[in-house]
Amino acid sequence: QIKRLLCKSCGLGTLLVAVVWLLALLFYSHILGRSIQSAGWRIDRNATPRAELSYSARVTTRCTPIAAQNSSAPKAGPGESEPEQLELLGVVRNKQDKYIRDIGYKHHAFNALVSNNIGLYREIPDTRHKVCQREETSETEQLPQASVVMCFYNEHKMTLMRSIKTVLERTPSHLLREIILVDDHSDLPELEFHLHGDLRARLKYDNLRYIKNEQREGLIRSRVIGAREAVGDVLVFLDSHIEVNQQWLEPLLRLIQAENATLAVPVIDLINADTFEYTPSPLVRGGFNWGLHFRWENLPEGTLKVPEDFRGPFRSPTMAGGLFAVNRKYFQHLGEYDMAMDIWGGENIEISFRAWQCGGAIKIVPCSRVGHIFRKRRPYTSPDGANTMLKNSLRLSHVWMDQYKEYYIKHEKVPKDFDYGDISDRVNLRKRLQCHDFAWYLKNVYPELHVPGEESAKKSAPAPVFQPWHSRKRNYVDSYQMRLAETELCAAVVAPKVKGFWKKGSSLQLQPCRRTPNQLWYETEKAEIVLDKLLCLEASGDAQVTVNKCHEMLGDQQWRHTRNSNS
Ligand code: LR7
Ligand code: MN
């Protein structure tokens, strides 16, 4: 009896499994309309990497303010959670922890408890593409010296100190002339101490210079105040809540040495405001819309074809503003910043237009990586509550945009009588430097921008945009095993685990199919094929396929399904 029962249920079980399997198969091939080529996965070398983006979510977002965008964050993928360590650092153990966290969010719009617990320094992932690591710094190479200018207003103390500390730790001392801190009249009690001495002692760095503004000036004038004190060959501006990555400075200096009228911009990696997780940003460039808001957008199609292309640099119509290097003399020559711009906003677009129109350039240097805390709101206001972005943008539009300023004014519905102050100095600067007009900029630097009323005959597609601050939260569209046709063998990673992860660079092998983590692949909306949430299928040299750290830059980690016409 028992035997019969068992057999019955086992028969039923088999049937059920078969039905589910069939349904799944049908769903897969008909609904998703794609098939996995199981025998021999192929690298489609002819495909332009960017062409593959066609089924990724294209959301247009801007860099700042970023409040609105975060709410639509894609759900985390399977098994995707913040690294354990960081989670632990966020644990609220007592009232004091809770206070630190809550007041931190209020004053800084990020999780100060985690930041405190991280302390002065931590390891962060090296997010550069592998071609960058091959870039040797030779003994004989003579690079210019940098002065880092960091201005801050009511910055979280530990975060500020870590920003400086990472610069000290990750910059060869012979390339760092000094660090100039400009305290923009902060009024938080913890910053009231003799910051200068305290910081110098704790950071053990003599060339730390400290300026405190007598009144609030805003980041734009503060940067100029700092820059005028600097003596290094190259100015490097940094926000006060950043962590620089390995060899971040050298590629910037190298570019400026070769092209002294180029503003060199690192890739801005993401430091999550809630968890402080550090994740890479994809390679994107800067644009803007007619509201004169900075936007990220994809590189022009075909920019990244072979691994060497990942070294850049890439021309960028604009920059985000906070992090860049520039020859100090050239910065002066170019007219520093507009000193009548207040507090926050617009200066990044202004210096972008000015640089391009007046004979310079802006280039993104992918081998230089600096992480920045992207927060959901700006935690401060201007002293009189004024909309400084509006005033600053009006100034820049009147100086640099010729008749095209009307698109801005219309877009933002700027009141006719809005007072943006006297711009004659900046108009004279434009004349003195004999700068190109805005039509030249649009034609030569940013032909992809849609001009209202004009046909979009320009060759590039409307610029699709990644959301860099979400990039780590991959959107998974599929999961599967890769089974060799007519066999029970599946593509697997068979490698020792290092600190709980498969060893990077491991190649694939065939193994009897099991739904074990080393055989389970997740496909993201960017067409990466991910194993165990961290490793991506990668085409490496010599026609090998391996798994390697996901670099989020597509190219050799972006895959296309091709139907096997014989089956
Ligand atoms: O009144 C102020 N005085 C200051 O000294 C206001 C701010 N600041 C300091 C502040 O402490 C910080 O160190 O200035 C720096 C920038 O201010 P944030 O961090 O509030 O600005 P943000 O990161 O939101 O804004 C981006 O756009 C700004 C436009 O004015 C500046 O150019 C910022 O430097 C810029 N930041 C970046 O580009 C980093 C990447 C973000 C992106 C995209
Ligand atoms: Mn910032």
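No value in this document is a laboratory result; all are computed from the given coordinates. These numbers come from a predicted model, not from an experiment. Quick reminder, even Gly has a Cβ in these numbers, built from the backbone with ideal geometry, and neighbours come from all protein chains shown.
Look at the Cα gyration tensor of region 241-362: its axes a ≥ b ≥ c give a/c under 1.5, and that counts as rounded. Here region 124-156 is scanned for amide nitrogen atoms under 16 Å from the site 7 Å beyond the Cα of residue 169 along Cα-to-Cβ, giving 124-127. Packing, taken as the mean count of other beta carbons within 10 Å per residue, orders the peptides 402-412, 265-275, 330-340 from highest to lowest as 265-275, 330-340, 402-412.
Would you tally the net charge around residue 361, using a Cβ to Cβ cut-off of less than 10 Å, leaving residue 361 out, and scoring K and R as +1, D and E as -1?
My count for the surroundings of residue 361 gives +1.
For the peptides 513-520, 153-160, residues were scored by their other Cβ atoms within 10 Å and the scores averaged per peptide; the highest-first order is 153-160, 513-520. The overall shape of region 79-128, judged from the alpha-carbon gyration tensor, is prolate: a/c is not under 1.5, and a/b is greater than b/c.
The fewest-to-most ranking of 107, 293 by surrounding Cβ atoms within 10 Å reads 107, 293.
Can you tell me which of 355-367, 371-383 comes out highest on packing, and rank the rest after it, using the mean Cβ neighbours within 10 Å?
Put in order of decreasing packing, that is 355-367, 371-383.
Given their separation in residues at 0.36 nm each and the Cα-Cα distance between them, residue 381 and residue 510 gain 40.5 nm when the chain is fully extended. Under 19 Å from a label point set 7 Å out along the Cα-to-Cβ vector of residue 411, the amide N atoms of region 353-383 belong to 353-357.
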